[in-house]
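**Student:** Structure provided below as structure tokens; questions to follow.
The values are calculated or read from the model by the stated rules, or taken from the named source; none is laboratory data. Keep in mind that what you see is a predicted model, and the values were worked out from it rather than measured. For neighbour counting, all protein chains shown are included, and Cβ atoms are generated from backbone atoms with ideal geometry for every residue, glycine included.
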């Protein structure tokens, strides 16, 4: 039986929720952004009126204001966005238990077993979201997850697009190669350097050639472009398990040297480690994300031989990764750190003959004690000396003002 998969994407999600709560700004250009003074001043979302001025997600607020002096900028309220996300999920669950979130505002919904017309069902869901929640969604309908997502992007806002086996070459292949899931800026630049500008160009490139350019990832790109994706849609209850804990921040100023990076890395690691301890986890795989002031970015990760939730240890691993992989061609605008491969912190700790296990227990107890002081007296009640070197950089609190990122596809 041919699979029927929907991908529902809430249009201008953060901005739509804000406009719903503030009727007086609905007909004006609106953007959701961070604190300009703390330089968390980037566009997180914008409504259709703002899009007409060429305002883009990720650009600085001052740049957006140059394009549109009358732009209304409101701060993000993530609790409201998470609440609306859950309300959307409840509607999707009326139609299937295979509902797989992709960030707060997107979901795949598989309805193959229902034996229904996917387009009709998508139209019903679209109307319900608008009538019951007051926001709009665009929905793609296809036989695989990749093309369903392309369908939700194909026509916006408040639309349904079906991509079938007999029409995907006409709809999908003329699209820019950067529209394909997991073709980021660096991959797009490399493909375009080989004159592969559209998804069709990518699809027509021999898999062997792509593997030569990208390694095993070339096979994935070839499959995605040709519609060979058979990745299942997960059951909704499966997504509740926490798979990683992380934080990122746009820094108050560009980071110019290792000492600057060390301060931000420690602030982020402290937030991540505190969350691990609060939620009863330890992790083993530490990942960092680095973005320079020209918005070029990369990620790196390292897997430890044992599990940890110790602040200083996570910070040190993050710094080691950074120093091995960043060469300072440009100053840094944002940093992120996360830890995955999680287990319960009640899992037994293997002690060794040289006492490192005992030292780990001591450091865990110390961190737990510091957590208690911070809960009572605030995040800055107890701070390591490294954070006293530059109060401007160390003044952010990513645990409180955290950034929410989409989960991975695989």
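**Student:** Among the residues in the stretch 195-203, are any within 25 Å of residue 18 (Cβ to Cβ) and touching a strand residue (DSSP E or B) at 6+ places or on another chain (Cβ under 7 Å)?
**Tutor:** no
**Student:** Now a separate question. Would you call residue 160 crowded, with 16+ Cβ neighbours inside 10 Å and out of contact with any strand residue (DSSP E or B) (no Cβ under 6 Å at 6 or more places or on another chain)?
**Tutor:** It is false that residue 160 is crowded, with 16+ Cβ neighbours inside 10 Å and out of contact with any strand residue (DSSP E or B) (no Cβ under 6 Å at 6 or more places or on another chain).
**Student:** Now for a different question. So, in the stretch 239-258, exactly how many residues are over 22 Å from the mean Cα position of the chain (by Cα) and assigned to a loop (DSSP other than H, G, I, E, B)?
**Tutor:** 2
**Student:** Checking the condition touching a strand residue (DSSP E or B) at 6+ places or on another chain (Cβ under 8 Å) and surrounded by 19 or more Cβ atoms within 10 Å (Cβ to Cβ), which residue from 288, 263 passes?
**Tutor:** So the residue among 288, 263 that is touching a strand residue (DSSP E or B) at 6+ places or on another chain (Cβ under 8 Å) and surrounded by 19 or more Cβ atoms within 10 Å (Cβ to Cβ) is 288.
**Student:** So for the stretch 264-286 (the condition being outside the structural domain of residue 186 (by TED's automatic domain parsing), over 20 Å from the mean Cα position of the chain (by Cα) and free of Cβ contacts under 8 Å to residues at least 40 places away in the same chain), does at least one residue qualify?
**Tutor:** For the stretch 264-286, residues outside the structural domain of residue 186 (by TED's automatic domain parsing), over 20 Å from the mean Cα position of the chain (by Cα) and free of Cβ contacts under 8 Å to residues at least 40 places away in the same chain: present.
**Student:** Could we say that residue 32 is crowded, with 23+ Cβ neighbours inside 10 Å, in contact with a strand residue (DSSP E or B) (Cβ under 6 Å, 6 or more places away or on another chain) and touching a residue at least 24 places away in the same chain (Cβ under 8 Å) here?
**Tutor:** Criteria met by residue 32.
Yes or no, residue by residue, for (1) farther than 26 Å from residue 150 by Cα; (2) outside any loop (DSSP other than H, G, I, E, B); (3) in the same structural domain as residue 121 (by TED's automatic domain parsing); (4) at pLDDT 95 or above:
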site	(1), (2), (3), (4)
6	no, yes, yes, yes
32	no, yes, yes, no
38	yes, no, yes, no
66	yes, yes, yes, no
83	no, yes, yes, no
89	no, yes, yes, yes
100	no, yes, yes, no
104	no, no, yes, no
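**Student:** Right, here's the next one. Return yes when residue 130 is out of contact with any helix residue (DSSP H, G or I) (no Cβ under 7 Å at 6 or more places or on another chain), modelled with pLDDT of 95 or more, more than 28 Å from residue 293 (Cβ to Cβ) and not assigned by TED's automatic domain parsing to the domain that holds residue 181 and no when it is not.
**Tutor:** yes
**Student:** If you check residue 145 against the conditions, is it in contact (Cβ under 8 Å) with a residue 60 or more places away in the chain and closer than 20 Å to residue 12 by Cβ?
**Tutor:** Criteria not met by residue 145.
**Student:** Can you report the number of residues in the stretch 377-398 which are at pLDDT below 70 and in contact with a strand residue (DSSP E or B) (Cβ under 7 Å, 6 or more places away or on another chain)?
**Tutor:** 2
**Student:** Take residue 73 and tell me if it is more than 22 Å from residue 132 (Cα to Cα), over 20 Å from the mean Cα position of the chain (by Cα) and not in a helix (DSSP H, G or I).
**Tutor:** yes
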